[in-house]
Each structure stands twice: as C-alpha cells, then as structure tokens.
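Report on the following structure.
Each reported figure results from applying straightforward, stated rules to the coordinates on display, with no laboratory input. Being a predicted model, the structure only gives us computed values, none of them experimental. Every residue, glycine as well, gets a Cβ built from its backbone with ideal geometry; the counts of neighbours run over all protein chains shown.
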Amino acid sequence: MSVTLNHYLFASGILFAIGFSGVLLRRNILTIFMCLELMLNAANLSLVAFSRFNVSPTGLPNYNAQILVFFIITVAAAEVAVGLAIIVSLFRARQTTHVEDVNSLKF
Amino acid sequence: MPHIFAPLTLEIIVLILGVFLLLAESLAKSGDRSWMGRWGVAVLAIVFGWSFFTTGDSGSVFYSADSTALFFKRIALLSTIGILVMALEFQTVLQRFIPGDGKGSGTGEFFALPVFTCAGLMFMASAIDFLLIFVALELSTISFYILVAYMRRQNASLEAGVKYLILGALGTGFLVYGITWVFGLTGETQLARIAQALPLQLAPGGRLHGSETAILFAVGLLLVALGFKVAAAPFQLWVPDVYQGAPTPVTAFLSVGSKAAGFIVLLRVLEPFVSQPVLGPKLVGILNVLAILSLAYGSLAALPQDNLKRLLAYSSIGHAGYLLVSLASLNPAAPDFAGATRTIGFYLVGYLLMTLLAFLVLTIVSSQSRGDDIAHFNGLSKRSPFLAFAMVVAMASLAGIPLTVGFYGKFMVFSAAVAAQKFLLVGIGIVSVAAGFYFYFRVIAAMFWREPGEQSPVVVSGLSKLAVATLVAGILLLGIFPGPVLNSIKVRNEPATASLR
C-alpha cells in the first residue's frame, strides 16, 4: 500500500486535534505552549504533503508551500523565544505556571 | 524602477526607524528615554506626510499598493503616533512597574516596539499573498506579546501577557491551518490567483466541484484567526482581561491598530470566496452570526463595568460588531466590496480618533490619580475642564451622537444594513446603541456630577495638549464634513484580480 495524500492529511488532522484539545484541557502553561507548537507543526506537515502531491504540468511540486513552511518554522521560533521569556517572568513573579493560579483579572 | 516615492519606501523607513531606535537606545547613556518617543513621533509624522506622495505600482505579487492599502497604512501610522504620545505620558507609571535603577532605565523598548508593530500593520494593509499576510500579522502580534507583558513587576500586566500569548498563538495556529487548507484546495497562496482560479475549479468538472464544505472549513479557520485579531465574539475571550491588564497605551494600540489591520486583511481574504455563488450566502450567514454575537456581547457585558479600561474593552467588541454588520450586509449575488471597504475605512478612522482620545485622557488621568476605574474620573470637570470636555467628545462620539464622527460611521453601517434588508441586524444594532448611551454616559456623569476624590488639578504636557486638541477637532470636523476622508477611499484603484501578473 502506498502512502497517499489522505494519509498525511489524516495524520496532520490528528496532530492538530491533539494540539487543540491540549490547549483546552491541560492546566500547565508550558504544556499548553507545547500543544500550540504542535498545531503549527500539524499545519507544516499538511503543507508539505499538499506541495508534494500538487504536481504542476511541468512535473514539479508547487514549492510555494514549502517556502511557507520555512517561514512558519522561523516565526514559530520567534514566538517561542518571546513566549518562554514571558512565562519565565510570570514564574519569577508568581512561582507558578498553572493556569488556575493566574486569575486575578476577573469581572 | 525603485525610487524614493515607491510605495514600499514607507515600510522601509518605519523599519529603519525601529532598528535605529533600538540601536541608539543601547548605545546611549542611561537616563531619560523620552527622546526616543519624540523621535518616533517626528519620523512617523514625516512618513505619514510622505504617504501622500507615493506613486506607482509595487510590481510585486505579494504586496499591493492600491489606495485602500495606503489608506489603512495611514490609519496604522496615525495610531502609532498617538500611542507614542501616550507612552510619553505613561512613563511615570511604567517606571514603577519595571525593574531597573535610575530614571528611564528599561523604558527604551517601550518606544521602539510600537514602531515594529506599526510596520507589521502597514505590511498587513498591503498583503495580497497568504505568505505576507502571515508574516506581517506575526510581526505585529509578537511585538504585541512583549508590549502587553511589559510591566513585569505588575501581576495584571504579566497575566494579560500570558493570556494574550496563549490565545494569540492559538489564533496563529488556526490561521496557519486555514492557509494550509486554502493552499491544498486551490493550489495557490496568492489571493488574486485564488480569485481567478476558484470559479473554474468550482464549475462542474473542476477539481473542487462538490467540495464546497472543504472550502468553507478552510475559510472558517481563517475567520476564527481573524476574529481573534479584530476582537469579534465568540473569539473575544481574551479581550477584557488583556485590555485591562496591558499598559494603557498598548491597550489603545490593540484596540485601534490591531482591529484596523485585521479588517483590511478580512476584506481582502473574504473577497475571492464571497464572490463565488456557491459559497457567498453561507459565508455571509456566518458573518451575520458573528456580527450579532459581537454586538450583543459587547453592549450587554459593558453595562455593569466599573473599570474604564474594561468598559472600553467591551466597547471594542461592540464596535467590531458594527464593523461586521457592514460585511454581513454584503449581497452574495453581487458583493460590493468597494462599498464595504469605504464604510469600514471611514468607521475605522472615526474609531481611531475617538478611541485614541479616550485612552489618551485615561492615560493622563490615571497616571495622576493612580487608577483607571470610572471612580477616578469623579469630578474631573473641576480638576481639568479641558480634559473633561475632551472626554465628553470622545464618549459622545463612541455612543454615536450626531455631529460627531461616530454618528456618521454608524449611520453608514446601518444604511448599508437597511439597504440589504437585514432588519434583525439593524434591530440588534439599535438596542446596542441604546445600551451604549447608558454606559458611555456613566463616565460623563461621573466627571460632572460627582465630587472629586482629590482636588489637585491634572497637569497636561504640551505635546499631549496638542494631541488632545487635534483629536477633538478631528472628531467634530469629520462629524460635520465627512467628505474629505470618504473621497480618499472612494476610488479603489484596481480590484485584487487586476494586480495579477
């Protein structure tokens, strides 16, 4: 059995769902942040798959998507750099990375 | 042939300014950093003037230089200028909540980062390819993460920063996944090419014939992401907390800049999809639901608020609702995107003026009364009649009193909705306007009919006085003579399809 586009899309859909449910269900901010990265990587996987299977008449894959993947990886790295810094300063101030302890702003 | 009046020059100058400010900050002696803010204001004002002389086409498939893009760039520039003026006023508060020894230490980046955000917003205004949309959106969002969490000795700011980080990154996730699916389905990342290819692909025998649901799913993911950006319900969860916790100038920037750039991207992204007969009605239906939810949530949840920043946060959700009404009034059979762009553009100019004014007065008053509840505005008419008058103008315009720019914006939105016979939207809109009268007028009542908590007059610096006076004049003048601004967005040089090459 050869691996088709659908297999990749299915895997990427599962990754995205795992990431999204992790964001909704987990209570540790670091875990939530990892789940967010998982969502981005799910998108990367399906982008590469779409690119590989979207063969143009000239026989080449559509490379636009693969370039986009590099941009996503770079931007995600920048986001992690800033995000972890914010989480570290939250931990310094509050000694916790648990979402339930971060609730001073309420109605 | 690139020349100094090429469209891209604007962004390049803004980016150079940002880098220059950061470098100069690290090389300068420690001490007061307000010179950075003044430099920023001056250069951005020059760029704003420059934007009236740019000519020519961008010659790029990523970047459009049509008049709409220029118009939204001017909104970004003006709001950044306003934010820098506010940041100058905010320095004393900022200083209290960041670690550092001596006056001005650690405050430098607070003046440099808004410039980068501005560049991101300007690129968003011009982006016609999903690649540039994504990178520009992230440039502004990542700068915002830092700005929101800037006061790291204050729990509220840090908490707001973490919440914005998580929900903003979630929005990014949805955006990227949406882009993925749009690319996978249409095989293109350029909006113009998508607009060209979609009708053929959707026709019988085309590769997308019968898979409308998949396209709706993809566009739905994009709508979630942009809904986060423009603070539309039901993606508004972050708004109240982040607005309340963030430093006040950043809150103003979030509510004006982020919303304006979000809407131009929304307009450009929706255009190819809404124009398809099989997708249009469903997408307009979704926009309808978003508009109703934002209007209802924004106006009802604002009623019991005592904190002015939180109140303005709910008001920002409500205004996203009004703006969405004009999108939901599009006729799917023949969507008039030029008309919607015009309504949204004018509304956003009005929103820019009144929101900046409200936040500027709030910044001045709260840095001298040490708090941003409505109670801190008690008796402001005695402490500073000038600021009290400015706040009355801002609130009246936000509520939509005739002769202010807010009224004319709402009038345009509602007349579009009536023309499209969306009477449910109009009804809910009128109810939320009525609710708005109540909560905006609570602020006015506090200023005039309550005794002040402290008697000391509120001191206003020269630059802020100038900014407040300009904003008041702008609100009143545009409320009476909306023509000049309306005309500047009337012509949309070319539809996105024409810039195909």
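Farthest toward the dipole's positive end in the protein assembly as shown, which of B:Ser211, B:Leu170, B:Pro249, given Cβ charges of +1 (Lys, Arg) and -1 (Asp, Glu) about the Cα centre?
B:Pro249
State the three equivalent ellipsoid semi-axes of region B:9-499, derived from the C-alpha gyration tensor as the square roots of 5 times its eigenvalues, in descending order and whole Å.
36, 26, 20
Alpha carbon centre of region B:348-376 versus region B:216-236: separation in Å?
If you average the Cα positions of each part, the centres end up 28 Å apart.
State, to one decimal in nm, how far the label point of B:Glu212 lies from the label point of B:Gln421, with both points 7 Å from Cα in the Cβ direction.
For the pair B:Glu212/B:Gln421, the computed spacing is 2.0 nm.
For a quick check: sort B:Thr80, B:Thr189 by the number of other beta carbons within 10 angstrom, fewest at the front.
Fewest to most other Cβ atoms nearby, the residues stand as B:Thr189, B:Thr80.
Compute the separation of the alpha-carbon centres of region B:143-185 and region B:69-109 and state it in Å as a whole number.
20 Å
Using only Cα atoms, tell me the angle between helix A:29-53 and the longest principal axis of chain A; keep it within 0 to 90° and round to the nearest 10.
So the inclination is approximately 10 degrees.
Which whole number gives the average, over all residues in A:85-91, of C-beta atoms from other chains lying within 10 Å of the residue C-beta?
6
Can you find, among B:Ser126, B:Asn155, B:Val115, the residue farthest towards the positive end of the dipole of region B:83-160? Put +1 on the C-beta of Lys and Arg, -1 on that of Asp and Glu.
The listed residue farthest towards the positive side: B:Asn155.
Tell me the Rg and the Dmax, in Å, that the Cα atoms of the protein assembly as shown produce.
23.5, 82
Sort B:Phe72, A:Phe16 so the one with the fewest other Cβ atoms within 10 Å of its own Cβ comes first.
Values: B:Phe72 27, A:Phe16 24.
Taking fewest neighbouring Cβ atoms as first place, the list is A:Phe16, B:Phe72.
Straight-line reach only, C-alpha to C-alpha below 19 angstrom: list the aspartates and glutamates that B:Lys73 could link to, leaving out same-chain residues fewer than 8 apart.
By straight Cα distance, B:Lys73 reaches B:Glu11, B:Asp57, B:Asp129, B:Glu138, B:Glu494.
Report ³J(HN,Hα) in whole Hz for each residue of region B:420-435, in order, from the Karplus equation J = 6.51 cos²θ - 1.76 cosθ + 1.60 where θ = phi - 60°; Gly and Pro get x.
Per-residue couplings from phi come out as 8, 6, 9, 6, 4, 4, 4, x, 5, x, 5, 4, 6, 5, 4, 4 Hz.
Enumerate the calculated ³J(HN,Hα) couplings along region B:269-274 in order (Karplus 6.51 cos²θ - 1.76 cosθ + 1.60, θ = phi - 60°), each rounded to whole Hz, writing x wherever the residue is Gly or Pro.
Going residue by residue, I get 6, 6, 3, x, 7, 5 Hz, with x marking Gly and Pro.
Around B:Val230, what is the net charge, scoring Lys/Arg as +1 and Asp/Glu as -1 over all other residues with Cβ under 15 Å from its Cβ?
Numbers: positive: B:Lys229, B:Lys259, B:Arg268; negative: none.
Surrounding charge for B:Val230 is +3.
Compute the relative contact order of region A:5-101 as a whole-number percentage, counting only Cα pairs closer than 8 Å that sit 6 or more residues apart in sequence. Mind dumping the intermediate values first?
Working: 83 pairs, mean separation 27.0, N = 97.
Relative contact order comes out at 28 percent.
Report the Cα centroid-to-centroid distance between region A:31-68 and region B:391-408 in angstrom, as an integer.
47 Å
What is the average number of partner chain Cβ atoms found within 10 Å of a Cβ in B:230-236?
0
Given H placed on each backbone N at 1.01 Å, which residues far from B:Tyr63 in sequence or on other chains put an amide H within less than 5 Å of it?
For B:Tyr63, whose amide H was placed from the backbone, the distant partners under 5 Å are B:Ile128.
Using the 10 angstrom Cβ neighbour count as an exposure proxy, how do A:Cys35, B:Cys118 rank, fewest first? Before the final figure, lay out the partial values.
Working: A:Cys35 22, B:Cys118 33.
In order of increasing Cβ crowding within 10 Å: A:Cys35, B:Cys118.
Quick one: 3J(HN,Hα) in Hz for region B:35-44, Karplus 6.51/-1.76/1.60 with θ = phi - 60°, rounded, Gly and Pro as x.
In residue order, the calculated couplings are 4, 5, x, 5, 4, x, 4, 5, 5, 5 Hz.
Give me the net charge for the shell around B:Thr80: Cβ to Cβ below 12 angstrom, other residues only, Lys and Arg +1, Asp and Glu -1.
Details: positive: B:Lys73, B:Arg74; negative: none.
Taking every other residue near B:Thr80 into account, the sum is +2.
For chain B, give the magnitude of the charge dipole about the Cα centre (Cβ charges: +1 Lys/Arg, -1 Asp/Glu; no others), in debye to the nearest 20.
500 debye
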